[in-house]
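The values are calculated or read from the model by the stated rules, or taken from the named source; none is laboratory data. Remember, predicted model here, so these are calculated numbers, not experimental data. We place every Cβ from the backbone using ideal geometry, glycine too, and count neighbours over all the protein chains shown.
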Amino acid sequence: MSRTQDARLIAVIRSSLAWDGWQTGEASETMPSTRFVVSGGGRRLLLDIAASHLAPKSLGRPLRDSLSVAAHRDHTSVSAGTGEVRMVLVYWEQLEVIVALDPGREQSACRRSRVRLRMSLLTDAYERGLAFGLGSDGCGTVAMLPGLLSHYVCAPRSIHDLAASQEIAREMNLILSDAVIQDDTIRAVARRRGTAASGTLLAVRASRFRERVLSAYGYRCAICGTRDNGITVLKIIPWTFPGTSDDTSNGLALCPNHHQAYDKALITVNTAYQVLLSEEKARSLRRDDLHSGIGEFVAALRPVIVLPAEERLRPRRDLLELGSAIRGWTG
């Protein structure tokens, strides 16, 4: 890839990891931009990225069934050290689809100078969030949208092992073709295929939920109206509580500051969609001399949250009430 294409992909990777709370280190003169440190969830990893650029030109004609792309043989034949994640990626910028080739396989089929990718793998990932190659050449291939990079970075070996099995890849692709991934399905997959498979389904489900909520709010914070790449998604009834769901009406798009403030019950949203400040929490901050910036914080609060245009996508009033109670809200 050209340096410009390389830089755009690295920016996509950094942004995607930041969405999931990862901190990314800056490149230095002694470390190329394709090698950088990320940390999050108690883990610290060195990412080493080799990338190719995919730019199919249809010119108004149907796309071909498969495409051939150059592979980075030097990366595919080297094992990563402790705490290091080697990623061999193919990026289709127009669809923002990333294909992860298996960097750890030693079979000769995986060390060819060129790799053939099925177009259906790329389009399925664009539509579903993630898709597995069937492993016909013994190499597990995974295509994904950027929002699932965080999951891949945490367990690349396990994910490629899933893709390398034609039976498992077919089963996973069939499940991912459903618009809704049910809890019963995930539990059944966990029993048959293990936590790597069920964890991947959970990650895809969470990614789909996040994208639906962000899209509904126009990628703006519902509480202050800020629009940027750092907007997060809060689940009003958290994953671990009964009555939770993946409906868009169970989510709020929030900037990191207001996400944290909501979870700590410093602010809440009532059933009239009004933003409320907990005077009790604010007094506690002042008493503990932690009130610096509280005036600016309060001034940035909207009286009423940003609401999705479609009523069915707006927060359910009963969920808002329950979500406040779960977090211990007091006025």
Matching residues in segment 152-173 - criterion: being more than 21 Å from the chain's Cα centre (by Cα) and modelled with pLDDT of 95 or more: Glu171
Search result, residues across segment 166-193 that are without any contact (Cβ under 8 Å) to a residue 40 or more places away in the chain, surrounded by 15 or more Cβ atoms within 10 Å (Cβ to Cβ) and in contact with a strand residue (DSSP E or B) (Cβ under 9 Å, 6 or more places away or on another chain): Ile168, Ala169
All positions within segment 229-254 that are part of a strand (DSSP E or B) and touching a Ser or Thr at 6+ places or on another chain (Cβ under 9 Å): Lys235, Ala253, Leu254
Of all residues making up segment 298-320, the number that are among the basic types (Lys, Arg), more than 23 Å from Ala282 (Cβ to Cβ) and over 25 Å from the mean Cα position of the chain (by Cα): 1
Scan of segment 238-259 for residues that are among the β-branched types (Val, Ile, Thr) and either out of contact with any helix residue (DSSP H, G or I) (no Cβ under 8 Å at 6 or more places or on another chain) or over 16 Å from Leu313 (Cβ atoms) (or both), ordered by number: Thr240, Thr244
Residue in segment 138-146 that is at pLDDT 90 or above, over 26 Å from Arg86 (Cα atoms) and not in a strand (DSSP E or B) present: no
Residue among Ser245, Ser198, Ser207 that alone is free of Cβ contacts under 8 Å to residues at least 24 places away in the same chain and buried (at least 18 other Cβ atoms within 10 Å of the Cβ): Ser198
Residue match in segment 43-50 (condition: in contact with a Ser or Thr (Cβ under 8 Å, 6 or more places away or on another chain) and either at pLDDT below 70 or loosely packed, with under 11 Cβ neighbours inside 10 Å (or both)): no
Residue match in segment 214-232 (condition: of a type in the set (Lys, Arg), under 30 Å from Arg128 (Cβ atoms) and either under 27 Å from the mean Cα position of the chain (by Cα) or surrounded by 15 or more Cβ atoms within 10 Å (Cβ to Cβ) (or both)): yes
Enumeration of residues in segment 210-228 that are without any contact (Cβ under 8 Å) to a residue 12 or more places away in the chain and outside any helix (DSSP H, G or I): Arg227
